[in-house]
Amino acid sequence: MSNQKAQTYIELMRDQIDITRVPFSDRGSRLMIIKDPSKDLLLVRLAERLTSLQPGLDTYRKRPPFIQELCLIDEDGIPLEWQLETYPHLLVFHTRLGEFKLVFHGNQMIAFGLPDKISAGLRFYVEPQFWQATEHGGMLKAVRNAAYVSNADPVQNQITPEEGGYRVQFIVEARTDTTILLAIGDNLSSDIPVPPFNSIYAGAEKRWHDWFNSVPPVDERYRKTYAYAWWVMANNLISPRGSITYEAMTPSKLNYVGLWLWDSALHTLAYRHVDPELAYNQLRAMTVCQLPDGMLPDAVYDEGIISTIEHPFTAEVTKPPIMAWAALKLYEKTGDLGFLEEIYVSLVRWNAWWFSMNDDDLDGVVQYNHPYSSGLDDSPLWDYGMPVESPDLNTYLCVQMGSLAEMAEALGMDAEGAMWRRRAAAMVRNMIDKMWDNETGVFRALHEKQPLPVITPFNLFPLWTGQLPDDIKGRLLEHLTNPGEFWGEFVIPTVARNDQHYDPHTMWRGPIWVNINYFFIEALRQISEEELANELREKTLELVMRHNGIYEYYNAETGSPPETAAYTFGWTAAVFIDLAIQASQSVQTGKAADSEEIDDG
């Protein structure tokens, strides 16, 4: 039955991966296969930064593909046209010579399977610093090395200088089960073993069957997007290298190479359902890079960490403090006290850093010193200058201290747990005293003690504390459920629709980000607004299911992803998975309750 479940998910994903936009990769690999949108050519990109060679925050996005113009060719070197069929584990190229197939073989190799008893091969362009043809293929050396080899006899093996690089043409006499391996990485041998293609394919198929077999069941209407989301959760994983010391998930292998702090916490929402150790490692990958003063860095990548950014000005940069909240969710799922004990001190130090280094006026209200520390990079909340004392940050810290209280109590430290609860309650009182605007009925972000003229859902965030007086809670709910501000068909925009700063297309200036919806679902459950929480959950699931892909953010007017939104985005996939599981369990609970009522009748 479990194999049937995996096969169902694989079939649901048939032709759902558009490799003109979405990289085809595999768990742990840095190799990404992308199709040229106008020609039957493939590109191979590398998910790595290489800042020692190309300094800069996003220079990796502009780097040309490592391998370009990769095409399938016949015995005369003529490129083959193909129709592509995609699956999570497999690309199938339908050509006039038959089916060519592509799967991953380990993290550093791509395996091509050729039709039986023909002469055919590959041609591609690469820019190495050294090259050498070998008896069964060739070696090309640069910052990363490449090698190609086959288990069939070469008919042609030609490496030709061309415009600053080399054109490789490799044709073999295919027999049964012929493989051409293309390897990219470090320390490659020129003598790479080449298994029969069916053996490599069987390994790839088993990896993905095992992955899909591990996922919890969901209601049928969620399954197509659910399958795609789980593919993203595996496809975006990278293996340890350098400062990345655990297998961990990038937000997007193509757009965000590295690990980001709050992304990593959100990714655990999905991983906790299939592999607790993998979920723990998302948090460990960040805490192992904790700075001596307790700060956790904004991001971690192979060559180091990012804890200071120079744009738009120089300051320390981190991300919102949701790690303790995520760790507690893992504990609620696994009951693993050992992990709580392992991570607790790091989280206490992280909490202390916020209060010691981010409260210049010592008034107990904590500030953002850099826009990027909020995760809301271009929000209009930062248009009026920094630092900003913002309700979202102080809410995160209140939730964090509440989570630390539960962790301390689970570890037998009741007095310490009580201390965290007192501090969280004091913070709520402080926010009401210093940030509550009774005239508008929201919590105001402050710059130089002056309220900022911007209304966003982050002005409503203190709902999440669960400790507000009824009158304040009621007024915040009025804003949240007002279609002229935040409610409607597509929810929740990241700036109120009636605010002068509202732009439904641009990052954090109006589009919908599903992680923010998730936080509000948490908040609504905290204050026993179950019906509203369920409605928001359903709207969030429906928004993601409108599209074949999984996107970074969505236009708040049309529900469509803007062109600038990243594809296969990690926390969107993780949030969708967790909400689909919640919704499916609610359906089953409801059916069981109905059944009991019938029995009682």
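Laboratory data are not the source of any read-out in this text; all were calculated from the coordinates shown. Remember, it's a predicted structure, so these values are computed and weren't measured experimentally. Cβ atoms come from the backbone with ideal geometry, glycine included; neighbour counts cover every protein chain shown.
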*Kindly put Asp18, Asp26, Asp392, Asp470 in sequence by how many other C-beta atoms sit within 10 Å of each C-beta, fewest to most.*
Asp470, Asp18, Asp26, Asp392
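Compute the Kirkwood hydrodynamic radius of the range 1-113, taking the inverse of the mean of 1/r over all pairs of distinct Cα atoms, and give it in Å to one decimal.
15.6 Å
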*³J(HN,Hα) across the range 208-221 via Karplus (A = 6.51, B = -1.76, C = 1.60, θ = phi - 60°), whole Hz, x for Gly/Pro?*
6, 4, 4, 4, 5, 5, 7, 7, x, x, 9, 4, 4, 5
*asked:* Restricted to Cα positions, what overall size does the chain have along the principal axes? Three whole-Å values, descending.
replied: 80, 68, 50
*Whole-number D in µm²/s for the range 291-341 (Stokes-Einstein; Kirkwood sum over Cα pairs; 4 °C, 1.567 mPa s)*: 99 µm²/s
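Using a 10 Å cut-off around each Cβ, can you sort Lys329, Lys39, Lys319, Lys224 from fewest to most neighbouring Cβ atoms? Working shown, then result.
Details: Lys329 19, Lys39 11, Lys319 22, Lys224 15.
With the fewest neighbours first, Lys329, Lys39, Lys319, Lys224 line up as Lys39, Lys224, Lys329, Lys319.
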*Euclidean distance of C-alpha centroids, the range 150-200 and the range 444-466, integer Å*: 59 Å
*Partners for Lys329 among lysines (Cα-Cα distance below 24 Å; same-chain residues under 8 apart left out)*: Lys319, Lys539
*Sum -39500 (n - 2.57) across every DSSP H segment of at least 4 residues in the chain, then divide by the residue count to get the 222 nm mean residue ellipticity, nearest 500.*
-11500 deg cm²/dmol
*Expressed as a whole number of Å, what is the distance separating the alpha-carbon centroids of the range 343-364 and the range 1-69?*
39 Å
*Rounded tilt (10° steps) of 261-271 against the dominant C-alpha axis of the chain*: 80 degrees
*Per-residue HN-Hα couplings for the range 384-392, Karplus 6.51 cos²θ - 1.76 cosθ + 1.60 at θ = phi - 60°, whole Hz, x for Gly and Pro?*
9, x, 10, x, 10, 8, 10, x, 5
*Solution diffusion estimate, µm²/s, Stokes-Einstein, the range 2-195, Kirkwood Rh from C-alpha pairs, 20 °C, viscosity 1.002 mPa s*: 124 µm²/s
*If you take the Cα atoms of the range 348-477, find Rg, then find the Kirkwood Rh from the mean of 1/r over all pairs, what is Rg/Rh?*
0.97
*Quick one: Cα centre-to-centre distance for the range 521-561 and the range 220-237, in angstrom?*
17 Å
